[in-house]
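The values are calculated or read from the model by the stated rules, or taken from the named source; none is laboratory data. Keep in mind it's a predicted model, so treat the numbers as computed, not measured. Positions of Cβ are generated from backbone atoms using ideal geometry, with glycine treated the same way; all protein chains shown enter the neighbour counts. These area figures cover heavy atoms from the full protein model, side chains too; ligands, DNA and RNA do not enter into them. Shrake-Rupley method; radii C 1.70, N 1.55, O 1.52, S 1.80 Å.
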Amino acid sequence: MAFFTRFALFSVLSACLLSAGLNAQHRCGFDHYVQHQREHNPAYFEAYRRVLASWKAAGTERGGGGVYVLPVVFHVVYHEDDQNVPDSVIYSQLEVLNEDYRRLNADAVNTRDAFLPVAADCEIEFQLAQTDPDGNPTTGITHTYTEQTGFSLDLFGTTNTLDAVKDSEQGGVDAWDTDHYINIWVCNIEPTFFGQIFGLAYPPAGLDNWPAGSSAPSPELEGVIVHYTTVGRNNPFAGADDVNDNDMGRTCTHELGHYLGLRHTWGDELFFDVCSEDDGIGDTPLCGSGDQYACDYTANSCDEGTGDLPDQLENYMDYTRDECYNMFTQEQKSLMRYVIEMLRPTLLEGVGLKEPCYDGSISVRPNPASDWITCNFGKSPMRHSVLIYDMSGKCVKTVQQADANTRIYTGDLPPGLYAVTLGDSRHTLRVVIQRP
Ligand code: ZN
Ligand code: CA
């Protein structure tokens, strides 16, 4: 595996810039991160290989476990009003993630036949946090003004300067307990000399199998940073930075792939030695330096001999336009689920997804009722689950994420006395169901 020096990186990127003109852009700063790791932690690839080896030993045909639901919090950090991405755009982003990671994306039909056998429903979902680290109700979205006009990545520095957005003392917002929340910072990432970086994510760090004294980031730096124009697919400022191929919310899909342990489909050898470096994933064909936004379906940069396949540019871990992405593979799914189970298991404890306590009152009308009840819990901005129990204590109905004024069908319940309760179990009302 070639090791390239900072000078080599510079000259190669310069060449790239010349050929790509002033619109050079980077899906993410992960390349930089890898470069940094190579320089400061020679055992990085050794550690990565060990993770891959233990994953393969555990069997890449991983199944079971059901759908993993991971709590996320978005921290919108803005200087200009444009950068204060509204909640509606965050909701849109969440929809995109839950489509892409469940293969419910409408453009899944665009996956080429050759890759259909390996296209995966990753059975991973993301949910906005319902409680913050102090147990208080939250929408899972924070908005914070900063004096910083933007946050920049110093491509030649030895520390990741973009991480200032994660530090309240540097004009950012501190992470919520990264063991229990996926933190996603949305901010203005300043264009670098080489173009716009859309986002950055740390792969799993602080692992048992990482060498002592490695320069892996500290826990409060875990998470994902995305450039504010790339968020959601209804972003009023998509394209405001003259980048137009990233307006479908796929930057976040890509960065979370890194967060869950995936590397770029071409490995991370930026431009050298194009076919000998791999991403460690068996069902992504070897490829050179990725699609680089060309969306070129004829590309076949590496000949793998018998059964050779074209470059899999529709993979979320390639660098292509948002409109050309549409799949993860079965092995990528397997690795991400392994990472969740073994390396980020505390995310599954559901801490941030606990039903928030509600300190208002609830009412149910009419009472007695027949086919419908309306459960009202005042002006709570939060959504709650509503459960109905029969007199034997059996839960006969559950409505998830009900809003403050929710109509529930009761026409299928036998006449009798029922208890209607909010998910926090602190509020219960009795209601009589009768038939005329
Ligand atoms: Zn990337
Ligand atoms: Ca090929």
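Of everything in the range 128-160, what is open to solvent by less than 60 Å² (accessible area, probe 1.4 Å) and assigned to a strand (DSSP E or B)? Give them in sequence order.
Passing the criteria: Leu128, Thr131, Ile141, Thr142, Thr144, Phe151.
Given the conditions (1) in a loop (DSSP other than H, G, I, E, B); (2) closer than 28 Å to Asn98 by Cβ, report the number of the one that Glu277 does not fulfil.
Every listed condition holds for Glu277 apart from (2).
If you go through the range 275-310, how many residues are under 17 Å from Gly257 (Cβ atoms) and within 16 Å of ligand 1 (Cβ to nearest atom)?
Of the residues in that region, 8 qualify.
How many of the residues making up the range 196-210 are modelled with pLDDT of 60 or more and crowded, with 19+ Cβ neighbours inside 10 Å? First the steps, then the outcome.
Just the residues of the range 196-210 that are modelled with pLDDT of 60 or more, to begin with: 196-205.
In the following step, the residues that additionally are crowded, with 19+ Cβ neighbours inside 10 Å were identified as 196-204.
The number of residues fulfilling the criteria is 9.
Considering each residue of the range 292-309, count those that are touching a helix residue (DSSP H, G or I) at 6+ places or on another chain (Cβ under 7 Å) and within 13 Å of ligand 2 (Cβ to nearest atom), and give that number.
Let us first name the residues in the range 292-309 that are touching a helix residue (DSSP H, G or I) at 6+ places or on another chain (Cβ under 7 Å), namely 295, 309.
Now narrow it down to the ones that are within 13 Å of ligand 2 (Cβ to nearest atom): 309.
Here the count works out to 1.
Applying the selection to the range 109-125, what residues are in a helix (DSSP H, G or I) and open to solvent by 20 Å² or more (accessible area, probe 1.4 Å)? Working first, answer last.
Within the range 109-125, the first condition is being in a helix (DSSP H, G or I), and the residues that meet it are 109-110, 113-118.
Across the range 109-125, the qualifying residues are Val109, Asn110, Asp113, Ala114, Leu116, Pro117, Val118.
Report the residue count in the range 242-264 for those that are open to solvent by less than 10 Å² (accessible area, probe 1.4 Å), part of a loop (DSSP other than H, G, I, E, B) and modelled with pLDDT of 90 or more.
3
Within the range 52-76, how many residues turn out to be modelled with pLDDT under 75 and part of a loop (DSSP other than H, G, I, E, B)?
Summing the residues that are modelled with pLDDT under 75 and part of a loop (DSSP other than H, G, I, E, B) in the range 52-76 gives 8.
Please go through the range 161-191 and give me each residue that is hydroxyl-bearing (Ser, Thr, Tyr) and buried (at least 20 other Cβ atoms within 10 Å of the Cβ), ordered by number. Walk me through it before giving the result.
Initially, the range 161-191 is screened for residues hydroxyl-bearing (Ser, Thr, Tyr), giving 161, 168, 178, 181.
Scanning the range 161-191 gives Thr178, Tyr181.
Gly213 versus (1) modelled with pLDDT under 95; (2) within 14 Å of ligand 1 (Cβ to nearest atom): which is the lone unmet condition?
Here Gly213 clears every test but (2).
On the given criteria, is Ile90 under 21 Å from Pro345 (Cβ atoms), of a type in the set (Val, Ile, Thr) and either at pLDDT 90 or above or open to solvent by less than 10 Å² (accessible area, probe 1.4 Å) (or both)? Don't jump to the end; show me each part of the working.
Working: under 21 Å from Pro345 (Cβ atoms): no; of a type in the set (Val, Ile, Thr): yes; either at pLDDT 90 or above or open to solvent by less than 10 Å² (accessible area, probe 1.4 Å) (or both): yes.
In short, no.
Being open to solvent by 30 Å² or more (accessible area, probe 1.4 Å) and small (Gly, Ala, Ser) is the filter; apply it to the range 290-311 and report the residue that is farthest from Thr251 (Cα to Cα). Let's see the steps before the verdict.
Pass one, the range 290-311, residues open to solvent by 30 Å² or more (accessible area, probe 1.4 Å): 292, 294, 296-298, 300-301, 303-310.
Now restrict to residues that are small (Gly, Ala, Ser): 294, 301, 305, 307.
Numbers: Ala294: 16, Ser301: 24, Gly305: 32, Gly307: 31 Å.
Across the range 290-311, the extreme among qualifying residues is Gly305.
Taking the range 312-330 as the region of interest, how many residues are away from ligand 1 (no atom under 16 Å from the Cβ), open to solvent by 10 Å² or more (accessible area, probe 1.4 Å) and either polar (S, T, N, Q) or modelled with pLDDT under 95 (or both)?
1
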